[in-house]
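Participant: To start, I am sharing the structure in question, which I have written as structure tokens.
Every number here is computed from the coordinates shown, using simple stated rules; none is lab data. All values derive from a computational prediction rather than experimental measurement. Positions of Cβ are generated from backbone atoms using ideal geometry, with glycine treated the same way; all protein chains shown enter the neighbour counts.
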Amino acid sequence: MSENLHSDSLVERYHHLTMRKLLVLVVSVIGVIIVVGLFSVSAYDNISLMEAYRIIWDHIMGVEYEPRTTEWWADRFIWNTVMPRIVAAIVAGASLAAAGALMQALMNNPLADPYSTGISSGACFGAIVALVLGLTITSTSGQSGMIVNAFVGAMIPVGVVILISKRMPLSPAALILVGTALSYFFSSMVTYLLVITDADTLQNAYIWQVGTLDTIVWSSIPMMVVVTAVGSAFVMLLTRQLNVLSLGDANAKTLGLDVEKFRVVCLIVMAIMTASIVCFTGTIGFLGLVAPHLVRILVGSDNKFVVPISMAVGSFILVLADYIAMTISDVPVGVVMSIIGSPIFFLLILWQKKGYGTVY
Amino acid sequence: MSGSTIRIDIEGVEFGYSANPVLKNINLSVNGPQLLSIIGPNGVGKSTLIHCINKILSPTKGVVYIDGQDVASTTLKELAKKVGYVPYASSDAFPLSVVDTVLMGRHPHSNWKSLDHDLDVVYETLRLINIEHLAMRSFDELSAGQHQKVMLARGLVQEPKVLLLDEPTSNLDIKHQMEVTRIMRDLSQEKGILVIMISHDLNIAAKYSDHMIMLYDGGVYAAGTPEEVLTAENIKTVYGVESDVIMSHGRPHIIMLDPLFDDNIKPLDDDVYVSSDNRVVDRMERDTIVRNVLKEPARGVTD
């Protein structure tokens, strides 16, 4: 590190560091591509990794194979069995990680995650009501009724948090405490419903609670993609303000940020992003908390980089966890992710404490 | 107070927490550019007053005008272009590099992307307060004194007309206290800024300030030049301590007197003392003895 930087070299060094940070983004995207290939090979054993990439590319380009050839079968297996859950894993990973980064910045609290306002327990309550009692908000029952219930359930606690914060300005810590209280309330309702139900429903409800991509079909994807794309674009536009918020509410105000209004708008965006994922996949934990932390260890805390790189890392973690979940057994992806993610996270923290990792 | 580029008028401002009033009917008019120090004991409302100027707090009564514009009806963004703020302490839950931390001061002037011009402004400011070598360090790796200098740089890159500083030198050693306060004084003249600084170091404040405001019991007890404000009587009333104020290089210099600590004279009873030659003396004679001892050339005090 130069001790006597000239202005030009500061600009140059700043841009150089930006490129190094973006390298982490590129590596994460390459990681996702590699796992997508491995995932596809697992769907149809008779093809190589490179053939899998070619078949995926050809499908995207609209190439059609002669029926009942190896490539035709591989194409059908890949796109009908594994590709919906691959896409769901990529989108859900990106969305939960972006929501996690947003929530941690909003609350100025490294322990915050997308579920800190009680979203997961609200969604769970909505879904379990549909599963156990058969009560749905819309006229449709079954899977789609449960999805709508979960979405509405997810929005209830965050709605309460926002209403309270509009009536009386609450500190970030108080907002999290309100969310935690609501979370306990919905969790106790869920527990009650699970106690009174039969064994089969209990198993389905439990898998949903842990988080799974087994039930994802192509019709689930458009809503997830649209909400994630719009929501993450919105978050990216606000990364400077999120950085300013990291100085604390009072300092952020003196830099021109209307903190209360900004926080409410961001909470609404975060809630819609998270609810649109959770209602399809169940409450996949760990990712929203850990992905932004992993990224901060690698590239520092500038949200301009933390948000997009967290999205790429979140996608990579979830698609890898789902690949492992699918290939080793029928373990829900939420369980696998925590099993492989926790030790990696732990090692990275130790690595950082030894002075490695940050790019400046 | 002289100057004309920026003006702050505080009219009948009151503020309190629950039933406890902190500021009571504050009336002030301040013109820039200059270095103005706000002094007073702990809890008297110094920080509360500057928080009412930059809209962190809203007064329960009264109005603050900046250049004739009511602060209450000014947007935070517009206010941030005029008024910079350097806090006593800053959150570092998610520490950035020094350059990124200082860049945040450009927020009121910039869009989403940081421009090279902003980086140039940051570099020049870091150089001005001699911390350009810290540019790429992480904020959480710095000492408390370096933290304060970085936050000062952040306030300066905001390019404000008014810069509010909440104890900006509290974690600095004496050399850096003087350096930072002198920079603030020079900047107020060179850039035409009205710098308002809360300080507990009366001598540093007296040495560099153009004017001072002494707060006491929620109101303005004294305002004017350092010589007008820093009198032994004012210090006795406001801080409750005995002092001797002498002139040093044309500025008041305060010598604190502590009869309970001084080893040349000891208390015997209420307002009765024993001198080092075992004479019983009254309070007036004690003060004379103490002042004479403190003014000995060996103590290095210069009239």
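Participant: What angle do you read, to the nearest 10 degrees and between 0 and 90, between the alpha-carbon axis of helix B:144-157 and the longest principal axis of chain B?
Facilitator: 50
Participant: Further, regarding this structure: Compute the length gained on full extension between A:T197 and A:H15: take 0.36 nm times their separation in residues and subtract their Cα-Cα distance, giving the result in nm to one decimal.
Facilitator: Numbers: separation 182, 0.36 × 182 = 65.52 nm, distance 5.86 nm.
My answer for the length gained is 59.7 nm.
Participant: Is any residue of the range B:96-111 close enough, with backbone N under 19 Å, to a label point placed 7 angstrom from the Cα of A:M236 along the Cα-Cβ axis, and if so, which?
Facilitator: B:111
Participant: Same structure, new question: Quick one: if you stick a label point 7 Å off each Cα along the C-beta vector at A:L177 and A:I268, how many nm between them?
Facilitator: Result: 2.7 nm between the two label points.
Participant: For A:S144 and B:H117, what does the FRET efficiency come to when R0 = 41 Å and r is the distance between their Cβ atoms, rounded to the nearest 0.05?
Facilitator: E between A:S144 and B:H117, to the nearest 0.05, is 0.15.
Participant: Now, a different point. Would you mind calculating the gained length between B:K24 and B:S143 on full extension (0.36 nm times residue separation, minus the Cα-Cα distance), in nm to one decimal?
Facilitator: Extra length from B:K24 to B:S143 when fully extended: 39.1 nm.
Participant: Enumerate the amide H contacts of B:Y221 below 5 Å, restricted to partners 5 or more residues apart or on another chain; note that Pro and chain-start residues carry no placed amide H.
Facilitator: Those qualifying (amide H under 5 Å, at least 5 residues apart or on another chain) are B:M214, B:L215, B:Y216.
Participant: Could you work out, residue by residue across A:254-267, how many beta carbons of other chains sit within 10 Å of that residue's beta carbon, and then give the average as an integer?
Facilitator: For this peptide, the per-residue mean of nearby foreign Cβ atoms is 4.
Participant: Report, in order of residue number, the helices in chain A meeting two criteria: a C-alpha extent of 15 Å or more along the helix axis, and a mean Kyte-Doolittle hydropathy of at least 1.6; treat each whole DSSP H run as one helix.
Facilitator: A:172-195, A:221-237, A:259-281, A:287-299, A:333-353
Participant: Separate question: Across peptide A:9-16, what mean number of C-beta atoms from other chains lies inside 10 Å of a residue's C-beta?
Facilitator: Mean shielding count: 5.
Participant: List the residues, sorted by chain then number, that are 5 or more residues from B:M197 or on another chain and whose placed amide H is less than 5 Å from its amide H.
Facilitator: Answer set, sorted by chain and number: B:L36, B:S37, B:I38, B:L165.
Participant: Can you tell me, using C-alpha contacts under 8 Å and at least 6 residues apart, the relative contact order of the range B:106-209 as a whole percent?
Facilitator: 25
Participant: I want the antiparallel fraction of DSSP beta bridges within chain B, as a percent rounded to 5.
Facilitator: Percentage antiparallel, nearest 5: 65.
Participant: So, one more: Taking each pair of different alpha-carbon atoms in the range B:7-257 once, compute 1/r for the pair, average those values, and report the inverse of that mean as the Kirkwood hydrodynamic radius in Å to one decimal. Working shown, then result.
Facilitator: Working: mean 1/r = 0.0534 Å⁻¹.
Computed over Cα pairs of the range B:7-257, the Kirkwood hydrodynamic radius comes out at 18.7 Å.
Participant: So how do A:67-73, A:46-52, B:26-32, A:157-163 stack up, highest first, on mean other-Cβ count within 10 Å?
Facilitator: So the peptides A:67-73, A:46-52, B:26-32, A:157-163, ranked by packing, come out A:157-163, B:26-32, A:46-52, A:67-73.
Participant: Next question, about the same structure. Could you check the spin-label model distance between A:A250 and A:F185? Points 7 Å from the Cα along Cα→Cβ, value in nm.
Facilitator: Roughly 3.2 nm, to one decimal.
Participant: If you don't mind, another one. Can you sort B:D67, B:D270, A:D322 so the residue with the fewest Cβ neighbours within 10 Å comes first?
Facilitator: B:D270, B:D67, A:D322
Participant: Let me ask you something else. On C-alpha positions alone, give me the angle between the axis of helix B:116-128 and the longest principal axis of chain B, in degrees, nearest 10.
Facilitator: 20
Participant: Between the alpha-carbon centers of the range B:113-190 and the range B:203-217, tell me the distance in whole angstrom.
Facilitator: Centre-to-centre distance over Cα atoms comes out at 21 Å.
Participant: Still on this model: With charges only on Cβ, +1 for K and R and -1 for D and E, what is the dipole size of the range B:7-257 about its Cα centre, in debye, rounded to 20?
Facilitator: 300
Participant: Students often check this: by mean Cβ neighbours within 10 Å, which of A:24-31, A:265-272, A:250-257 ranks highest, and how do the rest follow?
Facilitator: In decreasing order of mean packing, A:24-31, A:265-272, A:250-257 become A:250-257, A:265-272, A:24-31.
Participant: Please compute the average number of Cβ atoms from other chains found within 10 Å of each residue's Cβ in peptide A:293-302. Can you show the working numbers first?
Facilitator: Values: counts 0, 0, 0, 2, 0, 0, 0, 7, 11, 7.
Per-residue shielding by partner chains comes out at 3.
Participant: Can you put B:D70, B:D166 in order, fewest other beta carbons within 10 Å first?
Facilitator: The fewest-first ordering by Cβ neighbours comes to B:D70, B:D166.
Participant: Could you quote the convex hull projected area for chain A, Cα atoms only and averaged over all directions, in nm²? Show your work: numbers first, answer last.
Facilitator: Values: hull surface 86.0 nm².
So the mean shadow area of the Cα hull is 21.5 nm².
Participant: Name the residue from A:V152, A:L177, B:P95 whose Cα lies farthest towards the positive end of the charge dipole of the protein assembly as shown, charges +1 on Cβ of Lys and Arg and -1 on Cβ of Asp and Glu.
Facilitator: Highest projection toward the positive end goes to A:V152.
Participant: Here's something else I'd like to know. Quick one: order A:S219, B:S97 by neighbouring beta-carbon count within 10 Å, fewest to most.
Facilitator: Lowest count first: A:S219, B:S97.
Participant: Among all stretches of chain B without exposed trypsin sites (Lys or Arg not before Pro) (DSSP loop, at most 12 other Cβ atoms within 10 Å), which one is longest?
Facilitator: Longest site-free region, per DSSP loop and neighbour criteria: B:114-278.
Participant: Considering the options B:F139, B:S73, B:G43, tell which one lies farthest towards the positive end of the dipole of the range B:7-257, charges being +1 on Lys and Arg and -1 on Asp and Glu at the Cβ, about the Cα centre.
Facilitator: B:S73
Participant: What full-extension length gain, to one decimal in nm, is calculated for B:Y65 and B:S110 as 0.36 nm per residue of separation minus the Cα-Cα distance?
Facilitator: Result for the pair: 13.7 nm of gain on full extension.
Participant: Quick check: pseudo-label points 7 Å beyond the Cα along Cα→Cβ at A:W351 and B:M256, how many nm apart are they?
Facilitator: 5.1
Participant: Expressed as a whole percent, how much of the Cα-Cα distance distribution for the protein assembly as shown exceeds 37 Å?
Facilitator: Value for the protein assembly as shown (Cα pairs over 37 Å): 50 percent.
Participant: Also, quick follow-up: May I ask you to derive the relative contact order of the range B:7-257, considering only C-alpha pairs under 8 Å and at least 6 residues apart, and to give it as an integer percent?
Facilitator: Across the range B:7-257, relative contact order equals 24 percent.
Participant: On to the next question. Calculate how large, on average over all directions, the projected area of the Cα convex hull of the range B:182-291 is; give the answer in nm² to one decimal. Mind showing how you got there, number by number?
Facilitator: Values: hull surface 33.7 nm².
For the range B:182-291, the mean projected area of the Cα convex hull comes to 8.4 nm².
Participant: Select from A:T215, B:G12, A:N204 the residue farthest towards the positive end of the dipole of the protein assembly as shown; place +1 on Cβ of Lys and Arg, -1 on Cβ of Asp and Glu, and compute about the Cα centre.
Facilitator: The one lying farthest along the dipole's positive direction is A:T215.
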